[in-house]
Structure formats: C-alpha cells, structure tokens
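The values are calculated or read from the model by the stated rules, or taken from the named source; none is laboratory data. Note that the coordinates shown come from a computational prediction; the quantities given were computed from them, not determined experimentally. All Cβ positions, glycine included, derive from the backbone under ideal geometry; neighbour counts span all protein chains shown. Side chains are part of the model used for accessible areas, which takes the heavy atoms of the whole protein and leaves out ligands, DNA and RNA. Shrake-Rupley method; radii C 1.70, N 1.55, O 1.52, S 1.80 Å.
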Amino acid sequence: MGRSFKTPSKSNLEQWEKAKRLWSAGFRFNSYRSYPDAEKLPERLSKVEEFILRNPRHPFRVG
C-alpha cells in the first residue's frame, strides 16, 4: 500500500472503497516529502474517478 497508508476503521466502508479504487488504478500511498507539488490523493470517494483521470502521470502511480 505504501508507508503513508493509514488504515481506515472497519466500519468506514467509503474509505475502504476509496483505497481500493486508488490501488486498482495503480496509486500507492507514499509521503509527499519528495513530491511537494504533486496533487494530494482525494479525501472523498466521490472525487476518486476525476482524480484518476486528471493524474495519469502522478508520481504515486505505478505501471
């Protein structure tokens, strides 16, 4: 997942789904220390799809 992944509570299904979608799209949860200008990962599930489309070359996206 990455060193900066913060595990949501078991009952927070929205955050688990958000993490699943980001992971499936190739995003990893890393520190922004080396990439201070990179767009932050979305906080809400409703923002994930547009974030993925907008960031094909995001530094946290692999493969």
*Counting only protein heavy atoms and using a 1.4 Å probe, what share of the accessible area of the chain belongs to carbon plus sulfur, as a whole percent?*
50 percent
*asked:* Just to check I understand the Karplus step: with θ = phi - 60° and J = 6.51 cos²θ - 1.76 cosθ + 1.60, what whole-Hz values come out for region 42-55, glycine and proline as x?
replied: x, 8, 10, 4, 5, 9, 5, 4, 5, 4, 4, 5, 7, 10
*If you plug each phi of region 27-38 into the Karplus form 6.51 cos²θ - 1.76 cosθ + 1.60 with θ = phi - 60°, what whole-Hz ³J(HN,Hα) values come out, in order, with x for Gly and Pro?*
7, 10, 9, 10, 6, 7, 3, 7, 9, x, 8, 5
*Acute angle (nearest 10 degrees) that the helix 13-24 long axis makes with the longest principal axis of the chain, alpha-carbon atoms*: 40 degrees
*Heavy-atom accessible area per residue, the chain, 1.4 Å probe: how many Å²?*
76 Å²
*Whose amide H sits under 5 Å from the amide H of Phe27, counting only residues 5 or more places off or on another chain, with H placed in the peptide plane?*
Val62
*asked:* Need one number: convex hull volume per residue for the chain, Cα atoms only, in Å³.
replied: 82 Å³
*Residue-averaged [θ]222 nm for the chain, counting only DSSP H segments that reach four residues, each worth -39500 (n - 2.57)*: -8500 deg cm²/dmol
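If we sort 16-27, 50-61, 33-44 on the protection proxy, mean other Cβ atoms within 10 Å, highest first, what's the order? The partial results should precede the final answer.
Working: 16-27: 16.2, 50-61: 13.7, 33-44: 10.9.
Taking the mean over residues of other Cβ atoms within 10 Å, the ranking is 16-27, 50-61, 33-44.
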*Looking only at Ser31, Ser46, Ser11, which one moves most when the chain is put into a Gaussian network model with springs between Cα atoms under 10 Å?*
Ser11
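With charges set only on the Cβ (+1 for Lys and Arg, -1 for Asp and Glu), what does the dipole of the chain come to about its Cα centre, in debye to the nearest 20? If you can, show how the numbers build up before the last one.
Details: 14 positive and 7 negative charges, 44 e Å.
The dipole of the chain has a size of about 220 debye.
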